[in-house]
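Chemist: After the structure tokens below, expect a handful of questions from me.
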Amino acid sequence: MALPYPFDDPHRGDSPPPPQKPDDSADFRPVSYGANDSEEQKPHVIRFRVAPWDLIATITLVVLLVVLATATTWPARLYGFLGEVCSDETCGLVPLGVDMYIYPVVWGGIGAAIAAAGIGPFVSLLKGWYMSFWPVLALAIIMVSSVIGDSLTMFSTRYWH
């Protein structure tokens with residue numbers, strides 16, 4: 001970290017003398033150091049720092065995720081266990097009501113993955129971070145929600161029948 005003064009500066013910490021009020025000006029205002037001379041405030045400019053490879057990788061990964069989710073059998077393979085979930089009153093009781101968490105875990109994971117892939121790159125764009133990790137994170141969230149949902153379903157199946 002750069003300091004404003006070197007360590008061996010004998011004047012470090014000295015404050016400047018206060019400005020003197022001129023005799024001919026009745027509306028004199030003291031000016032602090034670092035203040036703008038102009039009365040108008042400058043407009044805030046947002047600068048995006050984007051690496052071309054990161055933008056291309058992000059767009060490619062998001063397009064691949066959309067293709068995987070819509071044009072393949074990938075969702076049926078990941079979430080095929082949802083057809084086995086017993087959701088009526090004829091089901092047996094499961095310890096701790098674990099079967100009630102299957103749908104929230106699955107749909108919450110899908111929603112979190114969509115939010116990560118859709119909103120995450122814009123957050124990274126504004127913060128100046130790399131964007132290409134968001135689609136990878138979305139894929140990881142989908143996989144984790146699928147594994148947890150499948151585990152809950154396998155555990156609950158023994159008590160339903």
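Chemist: Taking the criterion of being touching an Asp or Glu at 6+ places or on another chain (Cβ under 9 Å) and without any contact (Cβ under 8 Å) to a residue 60 or more places away in the chain, would at least one residue in the stretch 81-101 satisfy it?
Modeler: yes
Chemist: Pick from 130, 33: which is modelled with pLDDT of 90 or more and hydroxyl-bearing (Ser, Thr, Tyr)?
Modeler: Answer to the check: 130.
Chemist: Here's another thing I want to ask about it. Within the stretch 64-81, which residues are closer than 20 Å to residue 153 by Cα and in contact with a helix residue (DSSP H, G or I) (Cβ under 7 Å, 6 or more places away or on another chain)?
Modeler: Within the stretch 64-81, 74, 75, 78, 79, 81 qualify.
Chemist: Give me the pairs, please: first residue somewhere in the stretch 30-58 and more than 29 Å from residue 135 (Cβ to Cβ) and among the hydrophobic types (A, V, I, L, M, F, W, C), second residue anywhere and modelled with pLDDT under 60 and exposed (fewer than 10 other Cβ atoms within 10 Å of the Cβ), beta-carbon distance under 6 Å, and either six or more positions apart or on two chains.
Modeler: Once the first residue is more than 29 Å from residue 135 (Cβ to Cβ) and among the hydrophobic types (A, V, I, L, M, F, W, C) and sits in the stretch 30-58, no partner that is modelled with pLDDT under 60 and exposed (fewer than 10 other Cβ atoms within 10 Å of the Cβ) comes close enough.
Chemist: Right, something else. Among the helices (runs of 4 or more DSSP H) contained in the stretch 47-161, which hold 2 or more residues that are among the aliphatic types (A, V, I, L, M), more than 22 Å from the chain's Cα centre (by Cα) and surrounded by fewer than 18 Cβ atoms within 10 Å (Cβ to Cβ)?
Modeler: Helices (runs of 4 or more DSSP H) meeting the threshold: 52-71, 133-160.
The values are calculated or read from the model by the stated rules, or taken from the named source; none is laboratory data. All of these numbers come straight from a predicted model, not from anything done at the bench. In this analysis, Cβ positions are derived from the backbone assuming ideal geometry, glycine residues included, and neighbour counts consider all displayed protein chains.
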